[in-house]
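Reviewing the structure listed below.
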């Protein structure tokens, strides 16, 4: 009988979780495949299709992503064809097409993630489309005219020919398993940044903690190392060192600091977090912020909307009763 009750509880909880997703289907667009199929012979046809589908996207890609001059139509045509004929470009795109023959797997993860976002925030803006391109290591995730832009080459790991040009600590981020979390962090941060007052370390700590918490809520099937984009070893280090991390933050008197340079590595990519042991990962503030917000949510049981509308970082910290 106990087993049956537990089974019923499991199905009830599963049903509740499943209902917290608004059914959506964000269209996908393989800009990379169409753009790199442009040749001297089909230039007008393919370019016309691209510019009809996404006005200004071609110019944005060439000038803002690739930094190729666009002085006039003749130079634009010449540069696009020369670029697509380059042997390195051809080889790079072959590798992308081999790793991503289609993007269904990505779409199948993005839709429920943004569906959960829309369920909890019905007035939120979600991507109109997901545009996939090869940005040649200039941008992993971006937006253009309310569309989510994904640079597929960033998620090739050692198949990315540029990977030897990046620092060792950055290489872990080139794993495709981090793509959805990267996309959510970019979109959620952009959505809530203006409505949150970020004046000091504590404000940013709580804001980044909120974003990490939302990411975990919207991709609940993923482990925390994926949510934070840490290696499993880095996540374990944070867990084991939690008490020491918090003590060090207190020792450094960071909480009310407005010196961004002093705490930059707490929230941005770095070989380690400044003021912490060399074994620490960069962006450790995201992890600490999440711990605080997670405890706050457990203690107060407020909605996600209430969490994001509360700009009082001191109140969230105190009500979290965070004492590692």
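Beyond 21 Å, what percent of the Cα pairs of segment 213-324 remain? Summing the P(r) of segment 213-324 above 21 Å gives 39 percent of all pairs.
Against the longest principal axis of the chain, how steep is helix 242-251, in degrees 0 to 90 to the nearest 10, with axes from Cα atoms? Approximately 90 degrees, to the nearest ten.
With N residues in the chain, what two-decimal value do you get for its Cα radius of gyration over 2.2 N^0.38 Å? Show your work: numbers first, answer last.
Numbers: Rg = 22.1 Å, N = 324, 2.2 N^0.38 = 19.8 Å.
This ratio for the chain stands at 1.12.
Shape annotation for segment 65-127: C-alpha extents along the principal axes are 48, 31, 14 Å, from largest to smallest. Two numbers describe the Cα atoms of segment 104-229: Rg and Dmax, which are 14.9, 43 Å.
Percent of C-alpha pairs per 10 Å bin in segment 161-205, short distances first: 22, 33, 31, 14, 0. When only Cα pairs below 8 angstrom with a gap of at least 6 residues are kept, segment 28-190 shows a relative contact order of 21 percent. Binning the C-alpha pair distances of segment 28-190 at 5 Å intervals from 0 yields a P(r) profile of 1, 8, 17, 21, 20, 16, 10, 5, 2, 0 %, listed from the shortest bin outward.
Over the Cα atoms of segment 154-300, the radius of gyration divided by the Kirkwood radius equals 0.95; this is the Rg/Rh ratio.
Taking Cα atoms only, the orientation of helix 2-19 departs from the longest principal axis of the chain by about 50 degrees.
With respect to the chain, whose longest principal axis is taken over its alpha-carbon atoms, helix 43-53 is tilted by about 30°. When 204, 261, 222, 20 are sorted by how many other C-beta atoms sit within 10 angstrom of their C-beta, beginning with the fewest, the order is 261, 20, 222, 204.
Here, each number is a calculation from the coordinates, and none is a lab measurement. Values in this document were obtained by computation on a predicted structure and should not be read as measured data. Here Cβ is always computed from backbone atoms with ideal geometry, including for glycine, and neighbour counts include all displayed protein chains.
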